[in-house]
1. Read through the list (1) over 13 Å from I160 (Cα atoms); (2) in contact (Cβ under 8 Å) with a residue 40 or more places away in the chain; (3) under 25 Å from the mean Cα position of the chain (by Cα), then give the number of the only condition that I124 fails.
2. Residues of the stretch 144-163 being over 17 Å from I128 (Cβ atoms), among the hydrophobic types (A, V, I, L, M, F, W, C) and in contact with a strand residue (DSSP E or B) (Cβ under 9 Å, 6 or more places away or on another chain), which ones?
3. Run down T71, T78, T67, T34 and say which single residue is of a type outside the set (A, V, I, L, M, F, W, C) and buried (at least 18 other Cβ atoms within 10 Å of the Cβ).
4. Does R121 satisfy the criteria of being of a type in the set (D, E, K, R) and either surrounded by 12 or more Cβ atoms within 10 Å (Cβ to Cβ) or touching a strand residue (DSSP E or B) at 6+ places or on another chain (Cβ under 7 Å) (or both)?
5. Looking only at the stretch 54-71, which residues are part of a loop (DSSP other than H, G, I, E, B) and within 18 Å of A22 (Cα to Cα)?
6. Taking V69 as meeting all but one of (1) in contact with a helix residue (DSSP H, G or I) (Cβ under 6 Å, 6 or more places away or on another chain); (2) not assigned by TED's automatic domain parsing to the domain that holds F13, write down the number of the exception.
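The values are calculated or read from the model by the stated rules, or taken from the named source; none is laboratory data. Given the structure is predicted, the values throughout are model-derived calculations rather than measurements. Using ideal geometry, Cβ is built from the backbone for each residue, glycine included, and neighbour counts are taken over all protein chains shown.
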Amino acid sequence: MAWRIGVDIGGTFTDVALVDDASGHIGVAKVPTTPSDLTEGVLCALDMAMRRYQVAAAEVELLSHATTVVTNAILEETGARAALITTRGFRDVLELRRSARADLYDLFQDAPATLIPRRRRFEITERIGADGAVVTPLAENEIDGLVAALKAAGIDAVAISLLFSFLNPEHERKLGARLRAALPGVPVYMSCEVLPEIKEFERTSTTAVCAYVGPVLASYLARLQAATREKAMTAWKRTSGRSSDRARRRRSRARASPISPMAVMAI
C-alpha cells in the first residue's frame, strides 16, 4: 500500500490530505498552526493523520508541502540580512523601479520599502552590452575588497545582478564563484540562474528577494526534513515519475531560487 500526503500551512490551521494510491481512499486532518515554529504544527498534523488512517512511515510514497514561510518573511520583514552587488552605476535599481504607482495621480505617496537597504548594496566595475558582448572586462582586482565589505556588513546572503547577464552570464558566474569560495556558508544567488530574462528591475528585485528569504526557507526546510527523518519518513521529493528536459530545467530553477512556484513538486 502506498500513500501520498500533502500538507498545507494556513494562518489558523495546518491541514493534511492523504490519498491511498491503491484504493483511491482520501483522508484529512486539521490542527492549529504554530506560528512560533511552523514545524511543530506540521509534525502534529502528520502524526494525527497517520494515526487516524493507520499509515506507516514506510508506506508514504510522496510527502508534498505548501507553505507561506516565504510570503510571511517578506510581509513581516523578517528575512535575512542580504546584500546586493550590481554593475557600477546601477546600485539604485531597486529604488528606481518602474514608473507604475498604486495611485497614478498621487505624486507624494511613499514607495514600498526595499528589502536590501542602500548601505548593503555594492558595485563592481564591469559591463556587458545589449548585444551580449563584453564592453568593460570584470575588474577582478575589486573582488577582494567586496569580500571584505560583505564580511564587515555581517551579511547572511548575497544577490548578484549585473547588467545584461541574461545574455552573457560570464561576469556574473565568475564573480559568483569567487564569492562562494571566499564566503563559505553564505548563499550566493545570481540573476542569471534565478531569472535570466530581460528587464533590469524585475531581474534584480527577484534575485534580491531570493537572497532575502533563501536562508529563512532553507533553515525551515532543514528542521522539517530532520524531524520527518526522525519519524522514518524519507519520502520528501522534488520530483517523481518521468523525467524530461523540461523537468530537469524546472528542477534546476527550483534549486537556484527559493521563490520558485513550488518547493516540492510532482512532475
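1. Going through the list (1) over 13 Å from I160 (Cα atoms); (2) in contact (Cβ under 8 Å) with a residue 40 or more places away in the chain; (3) under 25 Å from the mean Cα position of the chain (by Cα), I124 breaks only (1).
2. Result: L146, A149, L150, A153, I155, A157, V158, A159.
3. Testing whether each residue is of a type outside the set (A, V, I, L, M, F, W, C) and buried (at least 18 other Cβ atoms within 10 Å of the Cβ) leaves just T67.
4. Yes, satisfied.
5. The answer is Q54, V55, A56.
6. (2) is the only condition that V69 fails.
Table: residues versus (1) in a loop (DSSP other than H, G, I, E, B); (2) in contact (Cβ under 8 Å) with a residue 24 or more places away in the chain; (3) among the β-branched types (V, I, T).
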{"position": "G89", "(1), (2), (3)": "yes, yes, no"}
{"position": "L94", "(1), (2), (3)": "no, yes, no"}
{"position": "D103", "(1), (2), (3)": "yes, no, no"}
{"position": "F108", "(1), (2), (3)": "yes, no, no"}
{"position": "L115", "(1), (2), (3)": "yes, yes, no"}
{"position": "L138", "(1), (2), (3)": "yes, yes, no"}
{"position": "E142", "(1), (2), (3)": "no, no, no"}
{"position": "G176", "(1), (2), (3)": "no, no, no"}
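Condition check ((1) within 21 Å of V69 (Cα to Cα); (2) at pLDDT 95 or above; (3) surrounded by 15 or more Cβ atoms within 10 Å (Cβ to Cβ)) across all residues:
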residue	(1), (2), (3)
N141	no, yes, no
A149	no, yes, no
R178	no, yes, yes
T207	yes, yes, yes
Y212	yes, yes, yes
A218	yes, no, no
L224	yes, no, yes
